[in-house]
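Visitor: Sharing a structure here in structure tokens format.
The values are calculated or read from the model by the stated rules, or taken from the named source; none is laboratory data. The shown structure was predicted, so the numbers you read here are calculated from the model rather than taken from an experiment. For neighbour counting, all protein chains shown are included, and Cβ atoms are generated from backbone atoms with ideal geometry for every residue, glycine included.
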Amino acid sequence: MHELTDLGREMQQELASGDRSAVRFPVHLPVRVMADGLECTAETENFSSSGALFRMSTLLPTGSTVHFLIEIPAGVIGSDVTAAIQGEGKVIRSYEENGHNYSAIVIHDYRFQ
Amino acid sequence: MKPTEESARPIENTETTQVPQPAADTPPAAIRILLADSQAIYRVGMRKVFALESDLDVVAQVDTIEQLFDTVGKYPADVLLIEGGLLSGSSRGIPEIVQLAPGLKIIVQTSANDEAHTVELYRRGVRGIIPRSISPDLLVRCVRKIAVGETWIDNQSVNWVIKAYRSQASALTNPRSQPRLSPKELAIIACITQGKRNKEIAFQMGTTEQVIKNYLRKIYDKLGVSDRLELALYCLHHQLDKPLNSEQATAGIPVPIK
């Protein structure tokens, strides 16, 4: 017997989150981000129903509240009109990698527009 | 303790229900344990094992799952030690316990392990699975570990859980595993991603809200998603517009649902 590693614990949390887990989809979409009075554009690196990873020009401060707007072009998900997802979350991690800035957020609330 | 009358009754120990004191010089609160086992000999044995430990208190014990449902709300506990046999024949056992007492950490005692059962137990929120033949020392150690939020799992079960995790994740992101959606289902998805409420979709399609809910549940089950955002992400990832455009349905063209 032994204790779970962080990875194992994360996996168990995902498994235990219900019959389905919050899978991260590698979808790349343009996103408008507003945080701490700063507004900028970014691109999603991956996205799940509970969080997202943004690639952006500036690093967002960890812990800051984020408002985001993701536009889904017409025809992408079965609609002939443009759709959008407006959401609010919190930055849990920001880092630089290979010359790019990344900010990971947890999503607190969202709605389609 | 008399094994004959052990039905959902508290153990006489006033310390078990006390609120932990925050002062630094006071000992930490005891771990409150709830025992659920159909066999009196196991309940008696485990109580004796825990009685030797000052930090472990058995607050109640039951011998059926129905008694357990009644008890979890009445006697707050940190850890539930339940015989696996009490859960057999019912899929609602663990989810109902979790719903009744979200903070309760569950350990299941089983006489035999199999992959599907083990993965399902961990998936449903169980923190540890131990054999019926576990030694007293290991049992005490397991309860302490789980009470502080850790997980108790053997090497074989780790492999089973990892395998289940990988297959679950890949099934959702693998385009080859796309289930077929009907034009009506695709039309409903299009409406969802435009931010329409079920009532609005029902009105647009000339049906009732309940019918839309039923369709939505079926779509969620087919795609393995859990909410509207995950549904939209799934569609984005799999580009579900392609089959839709090849058929007649779009959000702008109401599709009658009978």
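Visitor: Hey, can you tell me all the residues within the stretch B:191-242 that are touching a helix residue (DSSP H, G or I) at 6+ places or on another chain (Cβ under 7 Å) and among the small types (Gly, Ala, Ser)?
Guide: B:Ala202, B:Gly224, B:Ser226, B:Ala232
Visitor: Among the numbered conditions (1) surrounded by fewer than 20 Cβ atoms within 10 Å (Cβ to Cβ); (2) out of contact with any Pro (no Cβ under 8 Å at 6 or more places or on another chain), tell me where A:Ser94 comes up short.
Guide: Result: A:Ser94 passes all but (2).
Visitor: Which residue out of B:Ile65, B:Ile129 is touching a strand residue (DSSP E or B) at 6+ places or on another chain (Cβ under 8 Å) and modelled with pLDDT under 90? Reasoning before the result, please.
Guide: On the way: B:Ile129 fails: modelled with pLDDT under 90.
Matching residue, one of B:Ile65, B:Ile129: B:Ile65.
Visitor: Please go through the stretch B:122-145 and give me each residue that is in contact (Cβ under 8 Å) with a residue 12 or more places away in the chain, part of a helix (DSSP H, G or I) and more than 10 Å from chain A (Cβ to nearest Cβ), ordered by number.
Guide: B:Pro136, B:Leu139, B:Val140, B:Val143, B:Arg144
Visitor: Do we have any residue at all in the stretch B:149-157 that's modelled with pLDDT of 85 or more, surrounded by 18 or more Cβ atoms within 10 Å (Cβ to Cβ) and part of a loop (DSSP other than H, G, I, E, B)?
Guide: So far as the stretch B:149-157 goes, yes, one or more of its residues are modelled with pLDDT of 85 or more, surrounded by 18 or more Cβ atoms within 10 Å (Cβ to Cβ) and part of a loop (DSSP other than H, G, I, E, B).
Visitor: Please tell me if B:Ser226 is within 26 Å of B:Ala116 (Cβ to Cβ), modelled with pLDDT of 75 or more and not in a helix (DSSP H, G or I). Even if it seems obvious, please write down each step before you answer.
Guide: Details: within 26 Å of B:Ala116 (Cβ to Cβ): yes; modelled with pLDDT of 75 or more: yes; not in a helix (DSSP H, G or I): yes.
So B:Ser226 fits the description; yes.
Visitor: Only residues that are over 17 Å from B:Met46 (Cβ atoms) and hydrophobic (A, V, I, L, M, F, W, C): list them for the stretch B:122-161, please.
Guide: Residues satisfying the conditions are B:Val126, B:Val148, B:Ile153, B:Val158, B:Trp160, B:Val161.
Visitor: Restricting attention to the stretch B:92-106, which residues are outside any helix (DSSP H, G or I), away from chain A (no Cβ under 12 Å) and hydrophobic (A, V, I, L, M, F, W, C)?
Guide: Scanning the stretch B:92-106 gives B:Ala101, B:Leu104.
Visitor: I'm checking my understanding of the structure. Among residues of the stretch B:91-128 that are of a type outside the set (Asp, Glu) and more than 14 Å from the chain's Cα centre (by Cα), which one is surrounded by the most Cβ atoms within 10 Å (Cβ to Cβ)?
Guide: Of the residues in the stretch B:91-128, the ones of a type outside the set (Asp, Glu) are B:91-95, B:97-113, B:116-119, B:121-128.
Now narrow it down to the ones that are more than 14 Å from the chain's Cα centre (by Cα): B:109-113, B:116.
Details: B:Gln109: 22, B:Thr110: 19, B:Ser111: 10, B:Ala112: 8, B:Asn113: 15, B:Ala116: 9.
Residue satisfying both the conditions and the ranking: B:Gln109.
Visitor: I've got another one for you. Please give the number of the condition A:Gly18 fails out of (1) surrounded by fewer than 14 Cβ atoms within 10 Å (Cβ to Cβ); (2) at negative phi; (3) modelled with pLDDT under 90.
Guide: Result: A:Gly18 fails condition (2) only.
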